[in-house]
Amino acid sequence: IDRTVKLLLDKRDGNGGFKKNPRALDSLGGADEDITNTYIVYALSEAGYKDIAKELNAVEKEAKKSNDPYLMALVANALFSAGEDERGEKMIAQLINARNEAGFWTGKKHSITRSTGESLKTETTSLILLALLKSKNPDVASVTSAVKFLVGARSGYGGFGSTQATILALKALTKYAEFSKKTDEAGTIELLVNGTFVTQKEYAKGERNNISIDGLEK
């Protein structure tokens, strides 16, 4: 990972973007410049690298100007991963308003792999779901809408369209499965040793975190 990151950082052009090889040999290297730059920033942020403030600012500005949900979704994820939660929340607010009546989001041009059509819908919706789940207070209606669309996009063979669409859909649905684990109602856990009551722990309805009892070593 460090070697790959070094290669990408060495390709920075000094203006917030990245130099591309003009002899790109496949669709991954043929995406538009704004999409390529934004995807690289997204990838670096997801990998935990923080020294990309200039590039993050540049792609955020470009995404806002384009009003392209695909670009905005990549940037929203990058902002949350970079610890810029307030800016991420603002991008999420814009994306919520861009949802299609049918419950999905799609890009205006193409994705990093030049996907269009149904695959672009799936990729964009998956990225937005991932960003929503990073929010401190996820919009429940938008989360539900995204999940419903992605589940409906699955083919009988288990795929979701293109390889990129399938991977992103699986990633988003896996994160949603983790997010949706919660207690259905409030309750109390009692701890007994050889039938003797020792301690108890109450938990609230909707608890998502691990329920732990401290001080058991006593």
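The values are calculated or read from the model by the stated rules, or taken from the named source; none is laboratory data. No experiment lies behind these values; they were computed from the predicted model shown. Heads up, the Cβs are rebuilt from the backbone with ideal geometry, glycines too, and the neighbour counts pull from every protein chain shown. Areas reflect the complete protein model, heavy atoms only, side chains present, ligands, DNA and RNA absent. Shrake-Rupley method; radii C 1.70, N 1.55, O 1.52, S 1.80 Å.
Worth pointing out:
- Failed criterion for residue 122 (all others in (1) surrounded by 22 or more Cβ atoms within 10 Å (Cβ to Cβ); (2) under 21 Å from residue 56 (Cβ atoms) hold): (2)
- Restricting the first member to region 1-27 and to residues that are within 21 Å of residue 113 (Cα to Cα), and the second to residues that are modelled with pLDDT under 90, the beta-carbon pairs closer than 6 Å and six or more apart or on different chains are 24/30.
- Among the candidates 54, 61, 50, residue that is at pLDDT below 95 and basic (Lys, Arg): 50
- The residues in region 18-46 that are at pLDDT 90 or above and either part of a helix (DSSP H, G or I) or open to solvent by 50 Å² or more (accessible area, probe 1.4 Å) (or both) can be counted, and the count is 16.
- Being open to solvent by less than 10 Å² (accessible area, probe 1.4 Å), under 20 Å from the mean Cα position of the chain (by Cα) and within 22 Å of residue 130 (Cα to Cα) is a condition met by at least one residue of region 57-67.
- Candidate set from region 68-88 (those that are within 14 Å of the chain's Cα centre (by Cα) and surrounded by fewer than 18 Cβ atoms within 10 Å (Cβ to Cβ)); member that is nearest to residue 141 (Cα to Cα): 85
- Just one of the numbered conditions (1) part of a loop (DSSP other than H, G, I, E, B); (2) under 13 Å from the mean Cα position of the chain (by Cα); (3) surrounded by 23 or more Cβ atoms within 10 Å (Cβ to Cβ) is not true of residue 160: (2).
- The residues of region 90-116 that are surrounded by fewer than 18 Cβ atoms within 10 Å (Cβ to Cβ), in contact (Cβ under 8 Å) with a residue 12 or more places away in the chain and part of a helix (DSSP H, G or I), listed by number, are 94, 96.
- Some residue of region 181-196 being within 23 Å of residue 97 (Cα to Cα), open to solvent by 60 Å² or more (accessible area, probe 1.4 Å), of a type outside the set (Val, Ile, Thr) and in contact with a Phe, Trp or Tyr (Cβ under 7 Å, 6 or more places away or on another chain): no
- Verdict on residue 15 being surrounded by 13 or more Cβ atoms within 10 Å (Cβ to Cβ) and either of a type in the set (Ser, Thr, Tyr) or over 16 Å from the mean Cα position of the chain (by Cα) (or both): no
- Close pairs (9 angstrom Cβ cut-off, 6 or more residues apart or separate chains): under 13 Å from residue 169 (Cα atoms) in region 136-158, among the charged types (D, E, K, R) and part of a helix (DSSP H, G or I) anywhere: 149/121; 153/118; 153/121
- Lone qualifier among 218, 136 - being part of a loop (DSSP other than H, G, I, E, B), exposed (fewer than 10 other Cβ atoms within 10 Å of the Cβ) and under 15 Å from the mean Cα position of the chain (by Cα): 136
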